[in-house]
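J.: Structure in structure tokens, see below.
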Amino acid sequence: MARLALFDLDDNLLDRETAFRTWARHFIEFHNLSESSLETINRNDLEEDLPVFLLLEKLRAAFGLRTSVAELVDQFWAVYPTCFTVQDSTYDALTRLRLSGWKLGIVTNGPLTQWKKVEATNLTEYFDGFCISGEIGIRKPDVRIFNEAAKRCGAELDGWMIGDDAEADIVGGHEAGLQTIWFPRGQAWERDGMVRNAIALTIAEAVETILA
């Protein structure tokens with residue numbers, strides 16, 4: 001059977017931070033807020049990593065908005081997925097890997113709304129299988145999610161895991177018997193005794209490593 005390359009979604013295939021900033025500017029314009037509001041929005045997201053409805057509940061209170069939290073959540077999911085973009089070099093690298101006989105999968109922690117990001121960026125066309133923790137009730141680094149991802153891709157659990165989370169992606173991938181490529185994203189490696197097989201800064205670099 002074909003070998004397998006599994007990719008994390010946020011901050012790997014997709015740039016979540018840039019997308020969030022794009023959404024924040026839309027939020028400010030839509031609600032006629034001042035430019036200084038951006039700092040408040042970013043602080044709540046980056047420092048607390050809140051679930052969407054809690055983030056919007058806090059922003060509603062902070063800015064005195066009259067729109068209900070439910071309406072804000074609906075507005076968020078109508079706009080936020082469209083804020084994501086994928087570099088042409090990423091699409092090209094994924095295509096090259098697939099044409100080389102590899103099965104490609106996305107394995108990500110998060111709610112079912114992760115699908116909205118995948119669909120908005122047309123990533124469905126580049127992958128053979130998708131595993132979202134909120135859909136199957138198993139989160140990385142649990143080995144079972146990697147097994148399920150391989151099954152959905154129609155491949156053996158033999159290949160690579162590519163991601164930025166040391167515990168979820170690298171430790172989880174290693175324990176599942178996969179080689180690993182770590183996206184440091186400015187982080188220091190703090191896992192003594194745990195070896196990541198390679199480091200990459202882009203999906204294109206990761207694919208070059210896999211094919212080397």
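Quick note: the coordinates plus some simple rules give every number you see, no bench work behind them. Nothing here was measured: the structure is a model prediction, and the numbers come from that model. Backbone-built Cβ (ideal geometry, glycine too); neighbour counts: all protein chains shown.
J.: Can you give the angle from 0 to 90° between the axis of helix 52-63 and the longest principal axis of the chain, with both taken from C-alpha atoms, to the nearest 10?
T.: For 52-63 against the chain, the angle is about 30 degrees.
J.: Name the residue, out of N12, N42, N147, whose mean-square fluctuation peaks in a Gaussian network model built on the chain with Cα pairs under 10 Å.
T.: N42
J.: In Å, what is the Rg of the alpha-carbon atoms in the stretch 16-83, and how long is Dmax?
T.: 10.7, 28
J.: Using a ≥ b ≥ c from the Cα gyration tensor of the stretch 87-202 (square roots of the eigenvalues), is it rounded, prolate or oblate, where a/c under 1.5 gives rounded and otherwise the larger of a/b and b/c decides, a/b for prolate?
T.: rounded
J.: Now for a different question. For K103, K58, which order do you get if you count the other beta carbons within 10 Å of each Cβ and list the fewest first?
T.: The most exposed by this proxy come first: K58, K103.
J.: Counting other Cβ atoms within 10 Å of each Cβ, which GluC sites (Glu not before Pro) in the stretch 3-66 have at most 16 and sit in a DSSP loop?
T.: E35
J.: Would you mind checking the radius of gyration and Dmax of the stretch 107-160 based on alpha-carbon positions, in Å?
T.: 11.0, 29
J.: For K151, go through the lysines and keep the ones whose alpha-carbon is under 19 Å away, minus same-chain ones fewer than eight residues off.
T.: Cα-Cα hits under 19 Å: K103, K140.
J.: When only Cα pairs under 8 Å and 6 or more residues apart are kept, what is the percent relative contact order across the chain?
T.: Rounded, it is 25 percent for the chain.
J.: Still on this structure, please answer the following. If r is the Cβ-Cβ distance from D92 to E17 and R0 is 25 Å, what FRET efficiency results, to the nearest 0.05?
T.: That gives a FRET efficiency of 0.60.
J.: By the scheme Lys and Arg +1, Asp and Glu -1, what is the net charge of all other residues having a beta-carbon under 11 Å from that of T67?
T.: Every neighbour counted, the sum reads 0.
J.: Which GluC sites (Glu not before Pro) in the stretch 117-212 pass both tests, a DSSP loop state and at most 11 other beta-carbon atoms within 10 Å?
T.: E190
J.: Continuing with this model, one more query. Two decimals is fine: what's Rg over Rh for the chain, C-alpha atoms, Kirkwood radius as Rh?
T.: That ratio is 1.00, to two decimals.
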